[in-house]
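Here the structure is laid out as structure tokens; the discussion comes afterwards.
The values are calculated or read from the model by the stated rules, or taken from the named source; none is laboratory data. Only a predicted model underlies this, so the values are computations on that prediction, with no experimental measurement involved. Ideal geometry is used to build each Cβ from the backbone, glycine not excepted, and the neighbour counts take in all protein chains shown.
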């Protein structure tokens, strides 16, 4: 309001010596509409930045609970998108689906907010109760995101990223086609990053050994089509991108489907 945001230029009047009051009213109406459009775009860009910043702060706070998982959420999101793009070459996966998979990868561990930090960072063997506590984080994460209507397509990925094809996963013990594709993809990305990252109780696996473990886990831990798409991709290229730190490319190209309500819910 009371601020110049642009200029509307009108020329080439035909059959008139000058613009009249009717013309000027029309120009003013058009200019006002343009101003509203420009201002709304500016506000939208600010909301997009706020949404990205809120998500980044949230995922960083989760990863910061354990020095060994720092950057884990971001890597899982990137690897999940990589797998989805590979799988999309032979399966009906849309760009919107890939975006949902990416966001679910970012938020897959959000439920760890509700797990005692001492349990998450414990160096020794977990007790049965401690293991049970950790196994609650997919349900907690799904419950948190289910409060945000725009996250409905992301919730299954958060809930199912520890399910296994053979039904021995958690929290629901789903098997085979009961597990949504988004859950299968994030489960694989999560496992690959976990295997190739140093943990308090073990050193990081080599890439080749991790790939061998994935191969062994086909049809038991991992979905065959998902694993094959990943194993057949350019893993060396993926690994160089991860190691060189080039994954800081937060993808919010479809932000418009989340909007103000999602931003507000995340901030709360």
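Among the residues making up region 84-106, none is closer than 20 Å to residue 193 by Cβ, surrounded by fewer than 19 Cβ atoms within 10 Å (Cβ to Cβ) and in contact (Cβ under 8 Å) with a residue 40 or more places away in the chain. Considering every residue within region 207-215, establish whether at least one is in contact with a helix residue (DSSP H, G or I) (Cβ under 9 Å, 6 or more places away or on another chain), within 16 Å of residue 101 (Cα to Cα) and in contact (Cβ under 8 Å) with a residue 24 or more places away in the chain. No, every residue in region 207-215 fails to be in contact with a helix residue (DSSP H, G or I) (Cβ under 9 Å, 6 or more places away or on another chain), within 16 Å of residue 101 (Cα to Cα) and in contact (Cβ under 8 Å) with a residue 24 or more places away in the chain. Residue-level check: of (1) closer than 18 Å to residue 61 by Cβ; (2) surrounded by 15 or more Cβ atoms within 10 Å (Cβ to Cβ); (3) modelled with pLDDT under 90, residue 145 misses just (3).
This table checks each residue for (1) at pLDDT below 85; (2) surrounded by 13 or more Cβ atoms within 10 Å (Cβ to Cβ).
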residue: 28; (1), (2): no, no
residue: 34; (1), (2): no, yes
residue: 47; (1), (2): yes, yes
residue: 51; (1), (2): yes, yes
residue: 63; (1), (2): yes, yes
residue: 70; (1), (2): yes, yes
residue: 81; (1), (2): no, yes
